[in-house]
Amino acid sequence: ARRSSDQSVTLFDEEDALQIRRSVEIEVGIVNGLKQNEFRLVYQPKVDREGKIAGLEALLRWESPSLGNVAPAEFIPIAERAGLIRLISNYVMNQVCCQVRDWLNRYADCPVIALNLSATDIARNDLLQLIDSCCNRYDIAPSYIEFEITETGLIANEALTIHHLDELKARGFNIAIDDFGTGYSSLSKLSHFPAQSVKIDRSFVAQIGYNKKSEMIIKAIISLANILSCHTVAEGVENEAQESFLKEIGCDYFQGYYYYRPLEVSALELLLTEMPAK
Ligand code: C2E
Ligand code: CA
Ligand code: CA
Ligand code: CA
């Protein structure tokens, strides 16, 4: 028993049981949902200093008939623990390449699309095969694809991770370090990862105007990125005050509800039609 009184023991165990049950429902739901087309991607634009769309980030959405909308913050960690993330990543990689192909066929050009990889993805032995075969299937140049990898993901399996990232970079893919500033990695470690950009974590951006320490951390991240010759992208920008602080200290790209929320393909295509036709 984890608690002294009988009553709280019961409560605690019921809660545990509910949580385990939910995890199992989600695990089973993921496997079925991938087969039943319950997953889709939405795309959040990233803008440059002039406000022009400079790229998109693919974000997964799951509408389950039995569980309702389940947030990636809930199902991604469960998928990682259950060994299901590779199925999800196969799906995401395939969808992104398919989308790039479709847009290249119909519009003058296609923005670079970033997709999120988990720590376990970067260390999987068949990662390069998966990526190569998706790009070949849809005849996509690697320069249209970017991989976002969290700092923690980079550290999990260092030797193989660096090897994979070097290979991806050599092929012409773009690499970004996600949630930068939250992973406690050392400068010397970071300098070994062949990233072109770093994404400043939303938790720091949210503190702009309220917390001098967070502001100083953001400045330090931008200096560090300059040393590593990386572009900087601020995540979770929600207002003008955050934008003007970030612009003043030299941030290159911006992403957040202040500009665009993650958009359905149909909404995004209205923006893409503003690009000159092929
Ligand atoms: P992330 O990669 O850090 O993605 C940014 C999250 O912040 C997204 O949440 C996005 O919708 C949200 N966001 C963007 N702008 C703002 C803003 O201005 N304010 C606030 N409050 N939030 C903003 P989302 O889509 O719920 O995804 C959460 C996390 O789930 C992602 O964090 C990522 O770690 C993971 N994830 C999402 N899709 C995938 C995927 O396809 N594969 C993997 N492995 N992970 C994914
Ligand atoms: Ca991301
Ligand atoms: Ca992020
Ligand atoms: Ca995040």
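Among the residues of segment 229-250, write down those that are of a type outside the set (Val, Ile, Thr), in contact with a Lys or Arg (Cβ under 8 Å, 6 or more places away or on another chain) and either crowded, with 16+ Cβ neighbours inside 10 Å or assigned to a loop (DSSP other than H, G, I, E, B) (or both). Write out each step before concluding.
Quick first cut of segment 229-250, residues of a type outside the set (Val, Ile, Thr) only: 229-231, 234-236, 238-248, 250.
Next, only the ones that are in contact with a Lys or Arg (Cβ under 8 Å, 6 or more places away or on another chain) stay: 234-236, 247.
Within segment 229-250, Ala234, Glu235, Gly236 meet the criteria.
Give the residue that is farthest from Arg49 (Cα to Cα), with candidates limited to residues of segment 224-278 that are at pLDDT below 95 and of a type in the set (S, T, N, Q). Per the criteria, the residue is Thr273.
Looking across segment 226-278, the residues that are under 15 Å from Pro45 (Cβ atoms) and of a type in the set (Gly, Ala, Ser) come down to Ala234, Gly236, Gly256, Ser266, Ala267. The set of residues in segment 211-228 being surrounded by 14 or more Cβ atoms within 10 Å (Cβ to Cβ) and either within 15 Å of ligand 2 (Cβ to nearest atom) or in a loop (DSSP other than H, G, I, E, B) (or both) consists of Leu228 alone.
Just one of the numbered conditions (1) over 22 Å from Gln44 (Cβ atoms); (2) among the hydrophobic types (A, V, I, L, M, F, W, C); (3) assigned to a loop (DSSP other than H, G, I, E, B); (4) more than 19 Å from the chain's Cα centre (by Cα) is not true of Ile208: (1).
Yes/no per residue for (1) assigned to a strand (DSSP E or B); (2) among the hydroxyl-bearing types (Ser, Thr, Tyr); (3) more than 9 Å from ligand 1 (Cβ to nearest atom):
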position	(1), (2), (3)
Val42	yes, no, no
Gly51	no, no, yes
Leu56	yes, no, yes
Leu59	yes, no, no
Glu63	yes, no, yes
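For Asp109, the criteria (1) touching a strand residue (DSSP E or B) at 6+ places or on another chain (Cβ under 7 Å); (2) modelled with pLDDT under 95 hold in every case but one, which is (1). Within segment 37-80, how many residues turn out to be free of Cβ contacts under 8 Å to residues at least 12 places away in the same chain and over 30 Å from Ser143 (Cα atoms)? Count: 2.
The values are calculated or read from the model by the stated rules, or taken from the named source; none is laboratory data. Since this is a predicted model, take the numbers as computed values, not measurements. Don't worry about glycine lacking a Cβ; one is built from the backbone with ideal geometry, like all the others, and counts go over all protein chains shown.
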